[in-house]
Each structure stands twice: as C-alpha cells, then as structure tokens.
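Structure first, then comments.
The values are calculated or read from the model by the stated rules, or taken from the named source; none is laboratory data. No experiment lies behind these values; they were computed from the predicted model shown. Don't worry about glycine lacking a Cβ; one is built from the backbone with ideal geometry, like all the others, and counts go over all protein chains shown. For accessibility, only protein heavy atoms count, side chains too; no ligands or nucleic acids. Shrake-Rupley method; radii C 1.70, N 1.55, O 1.52, S 1.80 Å.
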Amino acid sequence: MLKQIDINDIISIAQKAGDAIMEVYAKDFDVEYKDDKSPITEADKIANGIIENGLLALSIQFPILSEEGKEVLDEERKGWEYFWMVDPLDGTKEFIKKNGEFTVNIALIHNGFPVLGVVYAPALNELYWAKQGNGAFKNNERLPLYINQNTDKLLRIVASKSHLSSETQKYIDNLAKSTEKIECISKGSSLKLCMIADGSADIYPRLAPTMEWDTAAADAILREAGGATMIWEMEAYLKYNKINLLNPWFICSLQKKELNV
C-alpha cells in the first residue's frame, strides 16, 4: 500500500493548505476556543477542509483522523490498518502570535506506527517529508544535515515555546550535569521534532501533554532520518491510534544514547 502513495501528492496537499493559512495570517482574524480551551481560527478550519478533500481525492482511500475533523471513536478506529493522521494547523498559539512557528502536519499511520510524514511551515518556507525506506528530507536536502559528535562539550536542547513544564526544566537541569555547555532553543509546533531530524538540535524532551496528531508527521520524519521518539523512561517508541489519543511523555534524539539520562 505504501508504495502506491506518491509523496509529492501529499506535499502538494500540505502546500495548498499552507497557502490558505497564509491568506488568513496576512489579515485580522477571530479566535475561538474549543471545549478543551485550546484556540481555533478560520485558518484551522479552511486548512482542514483542503487536506481532507485532497486526501479523499487520491486513488487510494484511507480513513482520516484529524484534530479539526469529526470525532472517530476507538471502536471504529481499532480496525484501521492504514489511516491518515492530520493536524491542519499545528501551533495555533504561534499562529495567533504571528511568530511564524506553525506547521501543516500530514502523516500516514500503519498498524500504530508513522510510515509517511509531511510537515510544512509556510511562514518559514520550510518543508520536511519522509516515506519509510526512502529517506527524510528538508527542502530537498537529505536528513540529517548535521550530527553533533561532541555532545559532552555542547548539547543543544529544543523545548516548547508555549508549554515548558517544570518536569521538562528539571530534566534539562539534569542534562547540564553531563556536558560542558547547554544551549536551549525555544520553538513552536512540530518544528521541534524536525529540528532533531535535521540535526539543528540534539534532544527534545516533552514531559508535558501532546496529542497524537501533534507528533505523527514529524515523528515519521525523525525515524526515517535515523532518530528515535521514545516513551519517557521506557525502551519503547511512541505508538499511534491508541484508545486514548493523548501521547505519553517522550524524549526525541538522533542518537539514542542521549536519551538515557
């Protein structure tokens, strides 16, 4: 099935959604709030429609699970072998702040694992994608672009711009004991995982809540780049399509040895 998916089709869908998002970004827009108090804008809704329609127009049909789409109960989802997992506008808070650090995320999940991912940051003109067995790329350059071979000298840590928990800070403080210098980078949306995949950061600790659609696309890219997204304090990768779509805490790195702190 995966071989029949043309990654360029998915890239095109993400870019169309990104173009629509930028049209809203360039003007004044209203902000609404969902039941969980998270923000949603016109851009989220328009991008979701573009992505869902684009995926439904493909020659191969898979179910779609989107943050802004209809709710799908576990009873129905548990029988899905393949499905699309979508976050049409990841980093809505960053979109509202107009700092550019938001993304369009489209992933293909196969039996609980991400096997294809596209992450597009339209305001930054950054495009990441990966397909299992075919490598991971950023703007046509193969990932990783760089691997830090001297993490005992300098460790670059990327963390959430809007959701830095006290547990994450404690973990970062502990990392500082094993290297000469720590460089902390704050970044929004799924770009944090992408920074690990391209090598511009060494480790991303997320000891705070995320949903599966927040991570799936970038997780596919990171894994294909040779990295790992491991469940906190466990030798296990993140899995998708769980009964509860909330992710456990996790740590991302290109070099697995860096996870064992």
Suppose we keep only residues that are more than 17 Å from VAL115 (Cβ to Cβ) and of a type in the set (Phe, Trp, Tyr) within the range 238-253. Which one would you say is least open to solvent (accessible area, probe 1.4 Å)? PHE250
If you check GLU68, GLU23, which single one turns out to be acidic (Asp, Glu), open to solvent by 50 Å² or more (accessible area, probe 1.4 Å) and outside any strand (DSSP E or B)? GLU23
Counted residues, the range 71-95 - those being out of contact with any Ser or Thr (no Cβ under 7 Å at 6 or more places or on another chain) and not in a strand (DSSP E or B): 11
So, first residue free of Cβ contacts under 8 Å to residues at least 40 places away in the same chain and among the hydroxyl-bearing types (Ser, Thr, Tyr) in the range 225-237, second residue open to solvent by less than 100 Å² (accessible area, probe 1.4 Å) and not in a strand (DSSP E or B), Cβ within less than 8 Å, six or more apart or across chains; the pairs are THR229/LEU193; THR229/THR215; THR229/ASP219; THR229/LEU222; THR229/ARG223; THR229/LEU238
When only residues in the range 26-59 that are surrounded by 11 or more Cβ atoms within 10 Å (Cβ to Cβ) and hydroxyl-bearing (Ser, Thr, Tyr) count, which is farthest from ILE11 (Cα to Cα)? SER38
Per-region count, the range 26-45, residues touching a helix residue (DSSP H, G or I) at 6+ places or on another chain (Cβ under 7 Å) and part of a strand (DSSP E or B): 4
Any idea which of LYS153, LYS187, LYS138, LYS131 is of a type in the set (Lys, Arg) and without any contact (Cβ under 8 Å) to a residue 60 or more places away in the chain? LYS153
How many residues of the range 32-55 are of a type in the set (Ser, Thr, Tyr) and without any contact (Cβ under 8 Å) to a residue 40 or more places away in the chain? The answer is 1
Give me the pairs, please: first residue somewhere in the range 7-31 and of a type outside the set (Asp, Glu), second residue anywhere and assigned to a helix (DSSP H, G or I) and open to solvent by 70 Å² or more (accessible area, probe 1.4 Å), beta-carbon distance under 8 Å, and either six or more positions apart or on two chains. VAL24/GLU42; PHE29/GLU42
Sole miss for GLU75 among (1) within 29 Å of SER186 (Cβ to Cβ); (2) out of contact with any Phe, Trp or Tyr (no Cβ under 6 Å at 6 or more places or on another chain) is condition (1)
Name the single residue that is nearest to PHE137 (Cα to Cα) among those in the range 1-20 being charged (D, E, K, R) and in a helix (DSSP H, G or I). ASP9
Filter the range 131-169 down to the residues that are surrounded by fewer than 13 Cβ atoms within 10 Å (Cβ to Cβ) and polar (S, T, N, Q), then identify the one that is modelled with the highest pLDDT. ASN139
LEU58, sole failed condition from (1) under 22 Å from the mean Cα position of the chain (by Cα); (2) within 22 Å of ILE221 (Cα to Cα); (3) in contact (Cβ under 8 Å) with a residue 24 or more places away in the chain: (1)
Answer yes if at least one residue in the range 82-92 is over 19 Å from PRO209 (Cα atoms) and either of a type in the set (A, V, I, L, M) or loosely packed, with under 13 Cβ neighbours inside 10 Å (or both), and no otherwise. no
Starting from residues that are assigned to a loop (DSSP other than H, G, I, E, B) and within 15 Å of MET195 (Cα to Cα), keep the ones in the range 101-122 and report whichever is farthest from the chain's Cα centre (by Cα). GLU101
